[in-house]
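The values are calculated or read from the model by the stated rules, or taken from the named source; none is laboratory data. These numbers come from a predicted model, not from an experiment. Here Cβ is always computed from backbone atoms with ideal geometry, including for glycine, and neighbour counts include all displayed protein chains. Ligands, DNA and RNA are stripped out before the accessible areas are found, and what is left, the full protein with its side chains, is counted by its heavy atoms. Shrake-Rupley method; radii C 1.70, N 1.55, O 1.52, S 1.80 Å.
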Amino acid sequence: MSVLTIIEFPDPRLRTKAEPVTVFDAELKQFVADMFETMYDANGVGLAATQVNVHKQVLVADMSDERNQPLALINARIIEKDGAQVYQEGCLSFPGIYADVTRALKVKVKANDVDGNEIEHEFEGPLAVCVQHEMDHLAGKVFVDYLSPLKRSMLLKRLEKQRKQAATA
Ligand code: ZN
């Protein structure tokens, strides 16, 4: 397994729309294993293939405190949404940046597992947030897109400042 490089905003590759996965082979399983390793290494709760510059519809998540509930969804699509919730989101492509985003409270998702089987899951609360956030990445969308222009520019200035500080530290 290997830890992959996570691309960070404003890298234009984050705007790429991912293609559906059609081949469920050993290479895909290896890639999913690498995505989990990358996510756990970065202390993230979710990771989309887009963020490691692979433009296939693959996402991984684990919102458990024990880091023992790995979830991998291939070709995920939302078939039902219900309710609304506001949740403070962060993103491995925006280190140190957090913002409140409103999303559906519950989502029903159809997807494939790593073997290509059709699966269906219902997610609620934080895990529903995570899945919607990662699915956005696969569509070329990032969480700051939901913010007002003012709030967004404030956060992006902070991101720039942190980068400069990190570079001179
Ligand atoms: Zn993200």
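For the listed residue pairs Lys81/Lys141; Lys56/Lys108; Lys56/Lys81; Lys29/Lys141; Lys29/Lys161, the alpha carbons are over 27 angstrom apart in Lys29/Lys161. If you wrap the tightest convex hull around every Cα atom of the chain and split its volume per residue, you get 116 Å³.
For a straight C-alpha distance cut-off of 19 angstrom, the aspartates and glutamates reachable from Lys157 (same-chain residues fewer than eight places away being disregarded) are Glu8, Asp11, Glu89, Asp100, Asp145. Applying the Karplus relation 6.51 cos²θ - 1.76 cosθ + 1.60 with θ = phi - 60° to the range 159-169 yields 3J(HN,Hα) values of 4, 4, 4, 4, 5, 5, 5, 5, 6, 9, 6 Hz, where x marks Gly and Pro. Average accessible surface for the range 27-133: 45 Å² per residue, computed with a 1.4 Å probe over protein heavy atoms with every protein chain in place.
Quick one: dipole size for the chain, taken about the Cα centre, charges +1 on Lys/Arg Cβ and -1 on Asp/Glu Cβ, in debye to the nearest 20.
Approximately 1020 debye in magnitude.
Summing charges over all other residues whose Cβ lies under 11 Å from the Cβ of Val45, with Lys and Arg as +1 and Asp and Glu as -1, gives -3. Here's how it looks for Ile119: its modeled amide H is under 5 Å from those of Ala111, Asn112, Asp113, which are all 5 or more places away or on a different chain. For the range 73-169, the fraction of 1.4 Å probe accessible surface lying on carbon and sulfur atoms is 51 percent.
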